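In what follows, a structure is listed as structure tokens, so that the remarks can point back to it.
The values are calculated or read from the model by the stated rules, or taken from the named source; none is laboratory data. Owing to the predicted nature of the structure, the values given are computational and were not obtained by experimental measurement. So basically every Cβ, Gly included, is an ideal-geometry build from the backbone, and we count neighbours across all protein chains shown. The protein model used for the area step is the full one, side chains on, heavy atoms only, and it has no ligands, DNA or RNA in it. Shrake-Rupley method; radii C 1.70, N 1.55, O 1.52, S 1.80 Å.
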Amino acid sequence: MPARQSVLSQANARVTHARRKEMSLRRICVHIDDTATSAARLRFSGLLARHHDASLAGIYVPHRPGAVHSGQRESSGDHYRTEGRAQTALHAAEHLFQEVCAEHDIAGDWHAPFGAPTTLLSNFAKGTDLCIVGQPDSPGGVAALGVDGIGDIVVSAGVPVLGLPHNVTLPQEIRRIVIAWNGSREARRAIGDAWQLLGRAQDIFVVGINRSPAGDDPSLTEIVHLLEKHGLRAKPVSIRQDTEASDGVQLLAVTEEYEADLLVMGAYGHGPTRELVFGGATRTVLKHMSTPVLLSH
């Protein structure tokens, strides 16, 4: 009997290993810049790559000085000082990237292209499973990407985009996940795009915000049943509060309440141009998030 138990245990271990391998990201890219939060973003990306045995592409695209974009000519002295600081920041970022890859024993490739950040990142992201970016800075900040820039990447790259918040301690592992559910195509697509992360989660909460007097959306229960059939531990959460708080504020609150390591949501809106991609809820979450957010379109 002990011998048989040993065989069964080994077989179960092989199945578990195979499933984890199937539920793995294989290649990740991360946007690196010269902001103070870039190092934490890079270290989080390296740790995530190690957990999934994935390779990591570092894309260094910093903020360009406002004087250059405004059309004002810099003096030669200012120009050389700016270039000197830029080169120092570039070398420091590359050194940290190599350090992180060595620390986590992952394969990494470094890129420092010149051009429009959204175009560059979208093109690189197409050859990866996940693109990691930082939370947009407040107006007047120095991040290379704003909310609209992240929206452009979400649409153009065709891969999920993981936004990381500033000024918080990022999770060591993604174990508890909240999924924003409204029955839309984008919400369903987001679940598929987050599959490699969902497959490794310990707890999944599918949150529906219901403002309709007709009752809960039946698709909330159905999507939970589907996740369960795939062996995932999922629970439906229906929010029926009579409140004037926006959906974005509600999502932020429930993500904090459940101590989630990740919020998964579809990016969509109702207006013209970029508003079609990022509606009010998505913009609110991006601007005020304190938890990593995976966006899909």
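To keep it simple, each residue is scored yes or no on (1) within 18 Å of the chain's Cα centre (by Cα); (2) modelled with pLDDT under 90.
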| position | (1), (2) |
| --- | --- |
| 221 | no, no |
| 247 | no, yes |
| 278 | yes, yes |
| 281 | yes, yes |
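Has segment 135-155 got at least one residue that is under 16 Å from residue 45 (Cβ atoms), crowded, with 20+ Cβ neighbours inside 10 Å, of a type in the set (S, T, N, Q) and modelled with pLDDT of 95 or more?
Checked against the condition, which is being under 16 Å from residue 45 (Cβ atoms), crowded, with 20+ Cβ neighbours inside 10 Å, of a type in the set (S, T, N, Q) and modelled with pLDDT of 95 or more, segment 135-155 yields no hits at all.
So is residue 56 modelled with pLDDT of 90 or more, open to solvent by less than 10 Å² (accessible area, probe 1.4 Å) and assigned to a loop (DSSP other than H, G, I, E, B) or not?
Considered against the rule, which asks whether it is modelled with pLDDT of 90 or more, open to solvent by less than 10 Å² (accessible area, probe 1.4 Å) and assigned to a loop (DSSP other than H, G, I, E, B), residue 56 comes out as no.
So which residues in segment 182-213 are β-branched (Val, Ile, Thr) and either part of a helix (DSSP H, G or I) or modelled with pLDDT under 90 (or both), if there are any at all?
Matches in segment 182-213: 191, 209.
Quick one: what pairs do we get from segment 169-184, first residue in contact (Cβ under 8 Å) with a residue 40 or more places away in the chain and surrounded by fewer than 17 Cβ atoms within 10 Å (Cβ to Cβ), second charged (D, E, K, R) and in a loop (DSSP other than H, G, I, E, B), C-beta under 6 Å, 6+ apart or different chains?
Partner pairs satisfying both residue conditions: 175/261.
Quickly run through segment 24-46 and pick out the residues that are under 12 Å from residue 129 (Cβ atoms) and polar (S, T, N, Q).
24
When segment 185-198 is examined, which residues are found to be over 19 Å from residue 219 (Cα atoms) and either open to solvent by 20 Å² or more (accessible area, probe 1.4 Å) or without any contact (Cβ under 8 Å) to a residue 12 or more places away in the chain (or both)?
Selection gives 196 alone.
Among the residues of segment 74-111 satisfying the criterion of being at pLDDT 95 or above and either at positive phi or not in a helix (DSSP H, G or I) (or both), which is least open to solvent (accessible area, probe 1.4 Å)?
Residue satisfying both the conditions and the ranking: 106.
Mind counting the residues in segment 39-64 that are closer than 16 Å to residue 89 by Cα and acidic (Asp, Glu)?
Result for segment 39-64: 0.
Could you give me the residue pairs with C-beta distances under 7 Å whose first residue belongs to segment 88-100 and is within 14 Å of residue 49 (Cβ to Cβ), whose second residue is modelled with pLDDT of 95 or more and assigned to a helix (DSSP H, G or I) wherever it lies, and which are 6+ apart or on separate chains?
Every condition considered, the pairs that remain are 97/42; 100/42; 100/43; 100/46.
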